[in-house]
Amino acid sequence: MFLQQLVNGLVIGGIYAMIAVGYTMIYGVIQLINFAHGEIYMLGAFFAITFISFLNLPFFVAFPLSMACCAVCGVLLDIVAYRPLRRSPRLAALITAIGMSIFLQNLAMIIWGSRPKPFPQGALPAYFETTAVSFGGVNLSWFHLFIFGLTLFMMIGLNLIIKKTRWGKAMRAVAQNQTMAALAGINVNRVISYTFALAGALGGAAGIMVGSYYNSIYPTMGYVAGVKAFAAAVLGGIGSVPGAMLGGVVLGVAEAFGAGYLSSLYRDGISYAVMIIVIILIPAGLFGRVLKETKKSM
Amino acid sequence: MIPILEIKNLYKSFGGLRALKDISFNINGGEIIGLIGPNGAGKTTLFNCVAGIEKPTDGRITFSIDDRALSIGGRKPEAVTSLGIARTFQNIRLFDNLTVLDNVKIGRHCRTRSNFFGAVIRSKFQQTEEKMITESAEQFLEFVGIKGRGQEIASSMPYGDQRRLEIARALATEPRLLMLDEPAAGMNPQESQGLMNLIRRIRDKGITVLLIEHDMKVVMGVCERVVVINHGEWLAEGVPQEVQNNPKVIEAYLGTGAADAAQVG
Amino acid sequence: MDKPISPNLTRGAKIRIGLLILALVLPILPFVSDYMLHIIILIFLYMILSLGLNIVPGFNGLLDLGYVGFYGIGAYTSGLLTYHFGLSYWLIIPLAFINGAIWGILLGAPTLRLTGDYFAIVTFGFSELVVLFLTNEIWLTRGPLGLPGIDVVSIDLTLFGGPKWEFVGEIPYYYLALVMVLVTCFVMYRIQDSRLGRAWFAIRDDEVAAVSCGINLLTYKVIAFAISAAFGAVGGSFFARWVTFLSPDMFKFWESFLILCMIVLGGMGNIWGVMLGAALLVSLSEILREVLPLLGLPVEVRFLAFGLIMVLMMRYRPAGMLPIPAVAAKMRAGRKKRKKEKPVAGLKS
């Protein structure tokens, strides 16, 4: 039982991590909680099943294609909704984010209907179902390995991008101080768009994995997942990418064990409770800096 | 007589940066004291430590009224104001979008009591208190010289009047010690003269005044004693004339060698 | 706070009195159906809720995303007290108020020291936990099955040897709701023009300056939150006794967002603006509910429309339709420079 829950926790935790880094990166560069990020995750799943069902694309083509579409959606979201409010007070931007979230949820409902859809039959390779590894009473299928592997690959990839590439450095610069970054010649808007693209791609990937793994895709799936991933980002310290990754895994495991041993009814509540407790007690999270409103200069 | 404010061995560090080092000086009741020093000397930081915005890293600040000595280092700013120390800000912090009169009425907050229930049921107490708040607010406006402008929006007033308004609001808290942070900044000679008169009238009401100022005419004209700090350390103290001619002070403002140049010149 | 100096009433006052008279006679007018009354009662209810929420972002400048939590607590408390103990609604109103305030203090005290973003998130989490609780604690709330058969409001004079008169139909509820809105409005006006209101506006305008005037930020923010919660709970208590059926999915985040839309649309911080926003959005919601199926669109498009409206409002008119200058200045683009420019020496200021 224990091992089974651990595996469940790590699977879902990895997925939370992928969504959480999206929140944390965007908060890092524009200090906005992108409420609509959960909807990008949801769109990823819908894009995938649309590509598979209507364009008859194979899974391994639909996957990266959907990720790319989500990246584009992320960039569009920024350009259309957030960029015009760059200089506006936070309250206005937050309300816009919530508005976009609701808009996208309902747009999906109109386009695809509100009933949960299964992942298309036969889309996934048959061997995904078969057991790859078995230990301690737990069977890990190839699907499990695929998810683990892909999540790990993307996390490592993201870390490399942030640490080693020019764009990554630019992102970190903008996250630290937008004005200085601009003065140093960085095109801040471009960097922000790039961040949204990355966040969108990862979120979309998470959506496809969840949709295919749980075989259920519906327009409001981004809502709950989004809040939990945000909780993970807060736990890890908002603004810190490794923090978000760790927070995601910790939250996923906590949720699995909590649901398994305590109460499955309050499965979602665990995330909310963790989030509230972390924010109140240690707002800096595990790795982050405390985001006190900068003291206005005397 | 016990000094109204005693600052003893005050230290304040921000991380690795030592903003204030071992500052000690006293202010006696009824004095007008100037606090001067080059930019970045730590004057506003000192104000902030007294006012409660910053917590001293070490040292004691003692505020004495009616023979009661209170240690105020580290107290919350609203508590410090209630005890009787008011301050204005270097960059004027008015309630920009509220009326002039409301700004001063808010200054009366710590001397009044009405709460939610009073507001809703308009008890006799609340009504009397509101009347008092309005009347006294108008009196404070008149005292600083902006009478009859109560309904104007604060941010629409000319700069000099905004300064006066901020002082009126500070006075409305009924302080024993008033700390003014560069009140004469941006004022022309006429306005500075008016400000000096206002400060004297404030002192005549029994309020001790501590002011940070760069305008030397104002410092010389209205301060009875001057304290000079530089690089967070106490440099000199005395009557304005003494301080003005103190070679260490001249050097602090103009750089090394300037003291000699001043003597030669 | 514009007091007419002349003996003639200002235009604004005339409009308000006209509306009041209209409101008083409305149910008696011939063309007014029960359905219309139902909608207007709904508008009144949302006016109460909007006025309550308005305290937090409108008077204090903080974003509360969990308002529906208090609404739900008020509703279920009212419903359960009625269902199990047959408590009279006239007792429930003050109880709901106090209960709401207590929850406001419980949630507010630890969280109001947080910055705006975190506070918004925590309030959101709170309201989600409330819904979870209402859904899962079946022994208490009957969970998703809902709580049916709540008594209607009644005026019970049997203790004094008189009759018991139960509310039948919409008309009695209409007048009750109207009175409650007027009382809420009245309270808001009184607060606005008082020491408490001024303290809140000071906090909204400049926290540091407010503190220098002796205002304790946490205390006043908690008071604001508690009063806001109290009105939310009172609104909920009315809702329970009016629709006589409750279920947890009536209290989802969407409601918080909707009420937020109302105050933003109408003009945050402005008592009349907020009421106008409530009237507009409830009407719009009902109109869309009728019209959309005719256009072949699903009813959910309403929500989409609201989301879009909010995005557009923030972009083009963030201060709302009846803005007040203090909030308009805060909501408009262009970060206000904190430093007051010192005029160049030598120029007359």
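Derivation of every value follows stated rules applied to the coordinates shown; laboratory data play no part. If you're wondering where the values come from, they're calculated on a predicted model, not measured in any experiment. All Cβ positions, glycine included, derive from the backbone under ideal geometry; neighbour counts span all protein chains shown.
Remark on chain B: Rg and Dmax equal 19.5, 74 Å (Cα only). An oblate overall shape is assigned to segment A:75-192, the ratio a/c of its alpha-carbon gyration tensor axes (a ≥ b ≥ c) being 1.5 or greater and a/b not exceeding b/c. Rounded to the nearest angstrom and listed largest first, the equivalent-ellipsoid semi-axes of segment B:128-265 from its Cα gyration tensor are 36, 16, 12.
Our coupling estimate for segment C:116-130, obtained by passing each phi through the Karplus curve with A = 6.51, B = -1.76, C = 1.60 and θ = phi - 60°, is x, 4, 4, 4, 4, 5, 5, 5, 4, x, 4, 5, 5, 5, 4 Hz, Gly and Pro reported as x. For the peptides A:153-162, B:94-103, A:67-76, B:17-26, the ranking by mean Cβ contacts within 10 Å, running from highest to lowest, is B:94-103, A:67-76, B:17-26, A:153-162.
If the chain linking B:Arg18 and B:Met1 were pulled fully straight, counting 0.36 nm for each residue of separation and taking away their Cα-Cα distance, it would gain 2.8 nm. Averaged over the residues of A:271-284, the number of partner chain Cβ atoms lying within 10 Å of the residue Cβ comes to 4.
Across peptide B:185-196, the average count of Cβ atoms from other chains found within 10 Å of a residue's Cβ is 2.
A simple spin-label model places pseudo-atoms 7 Å from Cα toward Cβ; at C:Val291 and C:Phe160 they are separated by 4.9 nm. By the helix-only formula, in which each DSSP H run with n ≥ 4 contributes -39500 (n - 2.57) and the sum is divided by residues, the protein assembly as shown has a 222 nm mean residue ellipticity of -19500 deg cm²/dmol.
The HN-Hα couplings worked out from phi for segment A:41-56 by the Karplus form 6.51 cos²θ - 1.76 cosθ + 1.60 (θ = phi - 60°) are 4, 5, 4, x, 4, 5, 4, 4, 5, 5, 4, 6, 6, 9, 9, 6 Hz, whole numbers, x standing for Gly and Pro. Using modelled backbone amide H atoms (1.01 Å from N, in-plane), which distant-in-sequence or interchain residues come within less than 5 Å of A:Ala132's amide H? So A:Ala132 has HN proximity to A:Leu140, A:Ser141, A:Trp142. Averaged over peptide B:48-58, the number of partner chain Cβ atoms lying within 10 Å of each residue's Cβ comes to 1.
Kirkwood-type hydrodynamic radius, chain A: 19.5 Å, calculated from all non-identical alpha-carbon pairs.
Evaluate the Debye formula for the protein assembly as shown with equal point scatterers sitting on the alpha carbons, no solvent, and hand back log10 of I(q)/I(0) at q = 0.05, 0.10, 0.11 Å⁻¹, in q order, two decimals. The computed values of log10 I(q)/I(0) come out as -0.35, -1.20, -1.34.
Across every pair of non-identical alpha carbons in segment C:26-153, the mean reciprocal distance, once inverted, gives a Kirkwood radius of 16.6 Å. In this simple spin-label model, placing a label point 7 Å from the Cα along the Cα-to-Cβ direction at both A:Gln4 and A:Ile277 gives a separation of 2.6 nm. By DSSP, the beta bridges lying fully in the protein assembly as shown are antiparallel in about 65 percent of cases. In a reduced charge model with +1 at each Lys and Arg Cβ and -1 at each Asp and Glu Cβ, chain C shows a dipole moment near 1960 debye about its Cα centre. Our summary of shape: the Cα atoms of segment A:150-222 have principal axis extents of 49, 25, 15 Å, ordered from largest down, in whole angstrom. The residue among B:Phe116, B:Ser82, B:Ile7 whose Cα reaches farthest toward the positive pole of the charge dipole of chain B, with charges on the beta-carbon of Lys, Arg, Asp and Glu, is B:Phe116.
Positive contributions from Lys and Arg (+1) and negative ones from Asp and Glu (-1), summed over other residues with Cβ under 9 Å from the Cβ of A:Ile162, come out at +4. Each Lys or Arg adds one and each Asp or Glu takes one away; over the other residues whose Cβ falls under 11 Å from the Cβ of A:Ala254, this sums to +1. Dipole size of the protein assembly as shown about its Cα centre, with +1 on Lys/Arg Cβ and -1 on Asp/Glu Cβ: approximately 1500 debye, rounded to the nearest 20.
At 25 °C and 0.890 mPa s, grab the translational diffusion coefficient of segment A:96-160 from Stokes-Einstein with a Kirkwood Rh over Cα pairs, rounded to a whole number in µm² per second. The calculation lands on 159 µm²/s. Considering only A:Val241, A:Gly149, B:Gly29, and ranking their Cα positions along the charge dipole of the protein assembly as shown that arises from unit charges at the beta-carbon of Lys, Arg, Asp and Glu, the one farthest toward the positive end is B:Gly29.
Of all DSSP beta bridges confined to segment B:23-179, the antiparallel ones make up roughly 60%.
Shown in residue order for segment A:151-168 are the 3J(HN,Hα) couplings computed by the Karplus curve 6.51 cos²θ - 1.76 cosθ + 1.60 at θ = phi - 60°: 4, 4, 4, 5, 5, 5, x, 5, 4, 5, 4, 5, 7, 9, 8, 4, 4, x Hz (x for Gly and Pro). Is segment A:62-123 best put as rounded, prolate or oblate by its Cα gyration tensor, with a ≥ b ≥ c the root eigenvalues, rounded for a/c under 1.5, and otherwise prolate when a/b is larger than b/c, oblate when not? Note, shape of segment A:62-123 comes out oblate.
How far is helix A:241-257 tilted off the main Cα axis of chain A, in degrees rounded to 10, range 0 to 90? Helix A:241-257 sits at roughly 40 degrees to that axis.
Compute the helix-to-body angle for C:301-316: its Cα long axis versus the longest principal axis of chain C, expressed 0 to 90° and rounded to tens. Orientation of helix C:301-316: about 20 degrees from the principal axis. The order of the peptides A:15-25, C:10-20 by mean Cβ neighbours within 10 Å, most packed first, is A:15-25, C:10-20. Shown for segment A:146-190 is the translational diffusion coefficient from the Stokes-Einstein equation, using the Kirkwood radius over Cα pairs, a temperature of 37 °C and a viscosity of 0.692 mPa s: 286 µm²/s.
With a simple spin-label model that places each label point 7 Å from the Cα along the Cα-to-Cβ direction, the separation between B:Thr128 and B:Tyr159 comes to 4.5 nm. The per residue volume of the convex hull around the alpha-carbon atoms of segment B:7-53 is 83 Å³. When chain A is described by a simple charge dipole with +1 on each Lys and Arg Cβ and -1 on each Asp and Glu Cβ, the residue from A:Val72, A:Ile111, A:Val227 located farthest towards its positive end is A:Val72.
Entry note: chain C has Rg to Rh equal to 1.00, where both radii use alpha-carbon atoms and Rh is the Kirkwood radius. Which of A:Ala173, A:Ala231, A:Ala199 ends up with the largest GNM mean-square fluctuation for chain A, with Cα atoms connected below 10 Å? Judging by the Gaussian network model, the answer is A:Ala173. Each Cα pair under 8 Å and six or more residues apart adds its separation to the average, and for segment C:33-251 the resulting relative contact order is 46 percent. Compared with the dominant principal axis of the Cα atoms in chain C, helix C:89-111 is inclined by about 40°. Annotation: Cα Rg of segment C:106-265 relative to the compact-globule expectation 2.2 N^0.38 Å equals 1.29.
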